[in-house]
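The values are calculated or read from the model by the stated rules, or taken from the named source; none is laboratory data. This structure is a prediction, so every number in the text was calculated from the model and none was measured. So basically every Cβ, Gly included, is an ideal-geometry build from the backbone, and we count neighbours across all protein chains shown. What goes into the accessible areas is simple: the full protein's heavy atoms, side chains included, and nothing from ligands, DNA or RNA. Shrake-Rupley method; radii C 1.70, N 1.55, O 1.52, S 1.80 Å.
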Amino acid sequence: MKQLNDKFGRPIRDLRISVMDKCNFRCPYCMPAEIFGEDYMFLNNKEMLSDDELVRLTELFVQVGVTKLRLTGGEPLLRPNIIDLVRRLAAIPHIEDLAMTTNASHLPKHAAALREAGLHRLTISLDSLDEQVFQSMNGYKSTVAEVLKGIKSAENAGFSPLKINCVVKKNVNDHTIAALARHFRDTPHIVRFIEYMDVGNLNGWVMDDVVSADQMQDILSAEIPLEPIAPNYAGEVARRFRYRDGSGEIGFITSVTKPFCGNCTRARLSAAGEYYTCLFGLRGTDLRAPLRDGASDEEILDIISGVWSRRSDRYSELRTSFTKIPRKGAEMYRLGG
Ligand code: SAM
Ligand code: SF4
Ligand code: SF4
């Protein structure tokens, strides 16, 4: 297998695939309901990569060094035949880790089949256990009980430990993060508190809405003393902590205040086949057109390698110096979180 490095010597290791641009939630920080209304034009079936196209592209990414896959969206469990797709991706040689990020609404229906099809790990998003706060953060599309039911079905299917993602927004849910930590403290699951990010252009992000990981740590330590633990591997995005009494682990994703671009080995593929080398990428490279125009594997590999070898992205590091850099980037639901 070839070793493919970018301009800063970072290898390509992870591929995040947005398998579905649509979502049944309307989290204001991701897909605000005022913009993503009833008549919003999501991709149609022909515009999305087919399962065959996705599997072929993934096999090519594996040839240049990808060993970890994450399926995301939009809501990945809304993709028709997602179980068959998982089965095919899990069978690709050299894939060491196959994970999915989901809002959990369809887990009661799919968790057991996902496990059986070969999915290794699940990350579930849950921003608060407070009903009113949670509903305001998902656009009034789901309830805490529904997500907890999804978590239960994931546990029953054998997915453990789970990662629980919580995006923290100032004066919205920061007063509820200690309760969330407490809820999962005596379980094997790891809550990861995520700094609210300026992905895309639609969520009205301002720095004042960000609660820094240091502030979150202060809020949590006041109640439950924490101590840092070493990363599992170089390039791990979450800063890890454990409770001093040994009752569990949490993490912080500090993409705004302590960026981790130096270790970023992640490529992204949108549901329409655009290849991005940064979550904050301005433009993707279209892989769907060459696929559909009959390009050979070598020709597509040349595109993948060329783009990665020219990569110099480090948006989060630059953003920290300038607060927010004016730009027109793609939205999270297209790139996958
Ligand atoms: N729909 C699935 C879900 O919500 O789990 C998967 C896609 S979602 C885009 C992936 C992750 O990105 C979620 O955990 C979500 O909370 C996070 N996310 C979305 N917008 C964000 C933002 N502006 N800042 C930080 N995290 C964000
Ligand atoms: Fe949907 Fe996930 Fe975005 Fe919320 S964060 S709107 S659940 S894609
Ligand atoms: Fe990677 Fe871009 Fe995020 Fe930096 S800003 S960690 S390069 S995705």
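Report whether or not Phe42 is open to solvent by 30 Å² or more (accessible area, probe 1.4 Å), in a loop (DSSP other than H, G, I, E, B) and among the aromatic types (Phe, Trp, Tyr).
yes
Against the conditions (1) farther than 28 Å from Glu146 by Cβ; (2) within 10 Å of ligand 2 (Cβ to nearest atom), Glu47 satisfies every one except (2).
From the list Ile35, Ile95, Ile17, which residue is of a type in the set (A, V, I, L, M) and at pLDDT below 95?
Unique residue meeting the criteria: Ile35.
Reported count of residues in segment 285-321, each being touching a helix residue (DSSP H, G or I) at 6+ places or on another chain (Cβ under 9 Å) and within 18 Å of Lys7 (Cβ to Cβ), is 9.
Residue by residue, here is whether (1) in contact (Cβ under 8 Å) with a residue 12 or more places away in the chain; (2) among the charged types (D, E, K, R); (3) within 30 Å of Val64 (Cα to Cα) holds:
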position: Leu202; (1), (2), (3): yes, no, no
position: Ile229; (1), (2), (3): yes, no, no
position: Arg244; (1), (2), (3): yes, yes, no
position: Ile253; (1), (2), (3): yes, no, yes
position: Pro259; (1), (2), (3): yes, no, yes
position: Ala271; (1), (2), (3): yes, no, yes
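Within segment 3-23, how many residues are closer than 23 Å to Phe61 by Cα and within 16 Å of ligand 2 (Cβ to nearest atom)? The number of residues fulfilling the criteria is 6.
Taking the stated definitions as given, is Val211 away from ligand 2 (no atom under 16 Å from the Cβ), more than 30 Å from Asn45 (Cα to Cα) and at pLDDT 95 or above? Yes: the conditions hold for Val211.
For segment 128-229, which fully contained strands (runs of 3 or more DSSP E) count at least 2 residues that are of a type in the set (Val, Ile, Thr) and within 12 Å of ligand 1 (Cβ to nearest atom)?
It comes to 163-168, 190-195.
Mind listing whichever residues of segment 114-169 are small (Gly, Ala, Ser), under 29 Å from Glu96 (Cα atoms) and crowded, with 21+ Cβ neighbours inside 10 Å? Passing the criteria: Ser125, Gly150, Ala154. Would you check if Arg26 is surrounded by 14 or more Cβ atoms within 10 Å (Cβ to Cβ), assigned to a loop (DSSP other than H, G, I, E, B) and within 16 Å of ligand 2 (Cβ to nearest atom)? It is true that Arg26 is surrounded by 14 or more Cβ atoms within 10 Å (Cβ to Cβ), assigned to a loop (DSSP other than H, G, I, E, B) and within 16 Å of ligand 2 (Cβ to nearest atom). Filtering segment 57-68 for residues that are more than 16 Å from ligand 3 (Cβ to nearest atom), closer than 28 Å to Ala112 by Cβ, open to solvent by less than 10 Å² (accessible area, probe 1.4 Å) and polar (S, T, N, Q) leaves a non-empty set.
Per the listing Gly329, Gly281, the residue uniquely modelled with pLDDT under 95, closer than 24 Å to Asp21 by Cα and within 16 Å of ligand 2 (Cβ to nearest atom) is Gly329.
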